[in-house]
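Colleague: What follows is a single structure, and I will ask about it in a moment.
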Amino acid sequence: MSRRRALILLAAAALFWLCRRAYFVGYFNDDAYYLIGAKSLLSGRYAEVSAPGAPPLVNYLPGWPLLLAPVLALTGASLPAAQAFAVMLLIAGLGFFARVFERESGVEAADLALACAAVSPLLSSTAATLLSDGPMLFCAGAALAVLPRLWRRREERVWLGFGLALGLAALVRPTGLALAAAVAAVLLAEKRIASALGVFAVATLVLGAWLGRNALLSGAGWNYWREASAAARAGGIPFFANAWACVDALFARSLLRPPTPSAFWEAAAALAGLGLALAGGRGLKTPSGRAAALFAALFALPHLVWSKTAARYFIPLLPIAAWLFLRGAARLGPRMTRAAAALSVALSAMATAGVVRASWSPSTSRNLPPRQAADWLGSRARPGAVVAAEYDARWHILTGLPCVHIPYDARTPQALDRFLADSRVSFVVVEDTADGLKPAAGAYSVPDASSLRGLLGAVKRARLVHSDGAGRVEVWFVRPLIW
C-alpha cells in the first residue's frame, strides 16, 4: 500500500468518525432492526425480540447482524463500539476496492478514486450508521480484491468455496447476489462454464436456503416480494424514475454535487458523471476490473424495478462510480484525471463540511432522537405495555418496550381498531414520516402522519395523551377492551 493511500484511508476514518452523529442510531428503522437481529443471535436464535412473543425475524437478512453480534458481545452492546466497527469495515472495503482499481488503472488513479469516494457526502454521512450498505461495500470490495488470486485456479472446489462466500455476501444485502452473477459472467466470457455455474449456483442456494427458512417459520419467504408485486400492480414499475434516482444519487448528490441546489446543475452533473462513467467502462482488461463494472450494473438493476428508492441504496457502488468516472475523464486528455478528481473532491468537501457541522451541532430530526416522547413513554407505560408505530424497531431501541408495526392494511378506523385489539396495543406513536421510505402505490403504501391521526381520531378507544414541544411526535393512549 502506498503512503498516499494509507494517508487517504486514515483521513477517511477520521472524517467518518467526525460525521458519526449525522443520523441518530435508529433513525432509519432498518439500522435498529439490525441491532435487534444481532442481539437476538447472542441468545441463540434470529428473532424479532422487539415484538411481543419474539417471532422469527424474516424481513431482515442475517449477514450484517452476524458480523455485528461479536462486537456487541465484547463491548456490552455499546453503540459507539458498533459504530466504530461499521467505520472500520467501510475503510477496509475502500482499501480493497483501491487494490482492484490499481490492477486496472494504476496506483495514482486508484488513489484518486478512493479519495473521491471517501469524501463524498453520501458516504461520510452514512458511514457510522448501522445500516447494511457499508458492510455490503466491504463484502464487494473484499470479493473483487481476492478474485485475481483465484483466477488461475482450475480446481472446481475453489470456485464452489468462493460461491459460498459470495452467498454469504448476499445475506448482507440480497442485491449482493449481483457479485456472484458478475463473477460468473466473467468466468463464462473465458469459457469456464463449470466454474461459472458452480459460483452462481452455490451463492443462490445460500440465499435460497435462508428464504426457505423464512417460509417454514413464518409462511412467507420474504415479505418484500409481496410488497414489490403489490406496488407494481397498483402503480406500475417506475423504471425511468428509479434509473434517474440512481444516477442522481451517485453523481449529482455525491461525486459531483453542485454547491447550491439547482435543478439545472444537478441534471448537468448527473448526465456528465454518467457519460464519463460509461466511457470509463470501455476497454477493461483485468477480470476483477470487468467484474467490478458488471457488478455495478447488476447491483443497480433490481432497484430500477423496485417501488422504493433512496440514495443510500447505492453506497456500495460509490467507489466503482468514482473510478469509472475518472477513467472516462482520462479519455479527454492526459491531465484530466487529476482535474476531474480535484473537482469532485472540492465539490464533495463543501457538502461534507456541512455534514460535520450537523454532526457536532445536532438540531434536526435526523440527528436528534425524539427523546422527549421516548422518555414520556418510558415513565408512563406499564411493564409489558405494547407500542404501535410505523418505525417500530426505532421505538423499541428508544424505550425498551415491546413494539409492533402498524400494518399497511389498517386503512379504516375499523381495521385499525381491530389491529390494536388483536395486538393488545396500549400506545400508538404518530410521527412525521416525510423523510421515510414509502412505496409508490398499492396495498403497501404507508399512511402519512395526518392520515394516521385521522384514523385514530375515529377510534373511540383512542385519545391523544402527549405531544412533544416541536409537534414532531404524538402519543395516543388506547383504552383496553373489557374481555
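Colleague: Tell me which residues, restricted to the stretch 139-176, are within 14 Å of Ala196 (Cα to Cα) and in contact with a Gly (Cβ under 7 Å, 6 or more places away or on another chain).
Modeller: Within the stretch 139-176, Glu156, Trp159, Leu160, Gly163 meet the criteria.
Colleague: Report yes if Ala203 is at pLDDT 95 or above, out of contact with any strand residue (DSSP E or B) (no Cβ under 9 Å at 6 or more places or on another chain) and in a helix (DSSP H, G or I), otherwise no.
Modeller: Yes, satisfied.
Colleague: Taking the condition of being surrounded by 17 or more Cβ atoms within 10 Å (Cβ to Cβ), of a type outside the set (Asp, Glu) and free of Cβ contacts under 8 Å to residues at least 24 places away in the same chain, how many residues in the stretch 72-105 meet it?
Modeller: Final tally of qualifying residues: 1.
Colleague: On to the next question. Cβ contacts < 8 Å: first residue assigned by TED's automatic domain parsing to the domain that holds Leu144, restricted to the stretch 262-290; second residue of a type in the set (S, T, N, Q), any location; separation 6+ or different chain. Result?
Modeller: Partner pairs satisfying both residue conditions: Gly289/Ser105.
Colleague: Among the residues of the stretch 48-81, which ones are among the small types (Gly, Ala, Ser) and at negative phi?
Modeller: Passing the criteria: Ser50, Ala51, Gly63, Ala69, Ala73, Ser78, Ala81.
Colleague: So, in the stretch 112-122, how many residues would count as being part of a helix (DSSP H, G or I) and over 21 Å from Phe295 (Cβ atoms)? Before you say what the answer is, go through the steps one by one.
Modeller: So in the stretch 112-122, the residues part of a helix (DSSP H, G or I) come out as 112-118, 121-122.
Cutting the leftovers down to over 21 Å from Phe295 (Cβ atoms) gives us 115, 121.
Total meeting the criteria: 2.
Colleague: Just wondering, is there one or more residues in the stretch 425-436 that are surrounded by fewer than 20 Cβ atoms within 10 Å (Cβ to Cβ), at pLDDT 90 or above and not assigned by TED's automatic domain parsing to the domain that holds Pro52?
Modeller: No, every residue in the stretch 425-436 fails to be surrounded by fewer than 20 Cβ atoms within 10 Å (Cβ to Cβ), at pLDDT 90 or above and not assigned by TED's automatic domain parsing to the domain that holds Pro52.
Colleague: In this structure, is Gly26 over 23 Å from Ala310 (Cβ atoms) and modelled with pLDDT under 95?
Modeller: Details: over 23 Å from Ala310 (Cβ atoms): no; modelled with pLDDT under 95: yes.
Judged against the criteria, Gly26 is not a match.
The values are calculated or read from the model by the stated rules, or taken from the named source; none is laboratory data. Since the model is a prediction, treat every value here as computed from it, not as a measurement. With ideal geometry, Cβ positions are generated from the backbone for all residues, glycine too; neighbour counts draw on all protein chains shown.
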